[in-house]
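In what follows, a structure is listed as structure tokens, so that the remarks can point back to it.
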Amino acid sequence: MNDLTHNRMSLPFSFDGSREHGVLVIHGFTGTPGEVLPLGTAIAGAGLRVEGVCLPGHGTTPRDMSTARWRDWLSCVLNAFDALAEECKRVSVV
């Protein structure tokens, strides 16, 4: 079955760290947060605050992916960025 809903690699991740600098980590097209989790873990290891999002339509089913649009992805990223910017003085996007 192609349903990734219950796959832990599909879950967003978050690491607490310095409020001086936060990093928003975004996975690739058709990917999941799990593919960038090692990067997020390494960044967090340097003491930074990290958020890894799961873009709409990703990490669930092919049907969900077929209905997601670029505006959905952009909205997800902007919301995550804004939330991180409220917590941290600086935010980088990876």
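The values are calculated or read from the model by the stated rules, or taken from the named source; none is laboratory data. Computed from a predicted structure; not experimentally measured. For neighbour counting, all protein chains shown are included, and Cβ atoms are generated from backbone atoms with ideal geometry for every residue, glycine included. What goes into the accessible areas is simple: the full protein's heavy atoms, side chains included, and nothing from ligands, DNA or RNA. Shrake-Rupley method; radii C 1.70, N 1.55, O 1.52, S 1.80 Å.
Annotation: amide H of residue 91 within the under-5 Å range of 22, sequence separation 5 or more or interchain, hydrogens built in the peptide plane. When Rg and Dmax of the Cα atoms in Å is computed from the coordinates, the matching label among [x] 13.4, 43; [y] 11.6, 33; [z] 14.5, 43 is [x].
For the chain, with all protein chains in place and a probe radius of 1.4 Å, 58% of the accessible heavy-atom surface sits on carbon or sulfur.
Segment 1-50: which chymotrypsin sites (Phe, Trp or Tyr not before Pro) are DSSP loop and have at most 10 other beta-carbon atoms within 10 angstrom? All intermediate terms of the calculation are to be shown ahead of the outcome.
Numbers: sites: 13, 15, 29; in loops: 29.
Here the sparse-neighbourhood loop sites are 29.
How high is the relative contact order of the chain, given as a whole-number percent (alpha carbon pairs under 8 Å, six or more residues apart)?
Values: 184 pairs, mean separation 35.4, N = 94.
Relative contact order, the chain: 38 percent.
The chain: which trypsin sites (Lys or Arg not before Pro) are DSSP loop and have at most 16 other beta-carbon atoms within 10 angstrom? Don't jump to the answer; show the numbers that get you there.
Values: sites: 8, 19, 49, 63, 69, 71, 89, 90; in loops: 69, 89.
Loop-located and lightly packed - 69, 89.
Can you say what percent of the DSSP beta bridges in segment 1-61, counting only those with both residues inside, are antiparallel? Round to 5. Before the final figure, lay out each step's value.
On the way: 3 of 9 bridges.
Given both bridge residues lie in segment 1-61, the antiparallel proportion sits at roughly 35 percent.
In the context of the full set of protein chains, residues of the chain present 61 Å² of accessible surface per residue (probe radius 1.4 Å, heavy atoms only).
Distant-in-sequence amide contacts of residue 14, defined by a placed amide H-H separation under 5 Å and a gap of 5 or more residues or a different chain, comprise 52. Principal-axis analysis of the Cα atoms of the chain puts helix 70-87 at an angle of about 20° to the longest axis.
With both labels modelled 7 Å from their Cα along Cα-to-Cβ, the residue 79 to residue 65 distance reads 2.2 nm.
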